[in-house]
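The block underneath contains the structure these notes are about, expressed in structure tokens.
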Amino acid sequence: MTAATGAYGDLKVFETLAPYGSIPKPVADMCRLSYYCDKGDIHPRTSGYKIISKMIVAELPRLK
């Protein structure tokens with residue numbers, strides 16, 4: 001999931017994400033896709049699960 005969401009991106013590129021202020025874009029992306037920043041919970045939000053499900057569906061044809 002990390003690579004699929006661009007979380008290995010450039011940590012020198014910043015964006016503003018409330019309430020954290022200016023943080024690296026890959027970190028902001030993961031904050032939006034999981035509950036980690038809000039609650040310290042590593043589990044994905046619905047948007048994160050949506051990305052995971054698309055990755056799984058994309059791999060299914062290869063498994064036949």
Flagged in the stretch 17-41 as without any contact (Cβ under 8 Å) to a residue 12 or more places away in the chain, surrounded by 10 or more Cβ atoms within 10 Å (Cβ to Cβ) and of a type outside the set (Ser, Thr, Tyr), in numbering order, are 23, 38, 41
All conditions in (1) in contact with a Pro (Cβ under 9 Å, 6 or more places away or on another chain); (2) surrounded by 12 or more Cβ atoms within 10 Å (Cβ to Cβ); (3) among the hydrophobic types (A, V, I, L, M, F, W, C); (4) at pLDDT 90 or above are true of residue 1 except (4)
Residue 14 passes all but one of the listed conditions (1) exposed (fewer than 13 other Cβ atoms within 10 Å of the Cβ); (2) over 24 Å from residue 57 (Cβ atoms); the exception is number (1)
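Would you check which residues across the stretch 42-53 are surrounded by 13 or more Cβ atoms within 10 Å (Cβ to Cβ), outside any loop (DSSP other than H, G, I, E, B) and out of contact with any Pro (no Cβ under 9 Å at 6 or more places or on another chain) and list them?
Correct list: 44, 48, 49.
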Pairing a residue in the stretch 1-13 that is over 14 Å from residue 25 (Cβ atoms) with any residue that is among the β-branched types (Val, Ile, Thr) and outside any loop (DSSP other than H, G, I, E, B), where Cβ atoms lie under 7 Å and the two sit 6 or more apart in sequence or on different chains, gives 1/51; 1/52; 4/51
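The values are calculated or read from the model by the stated rules, or taken from the named source; none is laboratory data. This structure is a prediction, so every number in the text was calculated from the model and none was measured. All Cβ positions, even for glycine, are placed from backbone atoms using ideal geometry, and neighbour counts span all protein chains on display.
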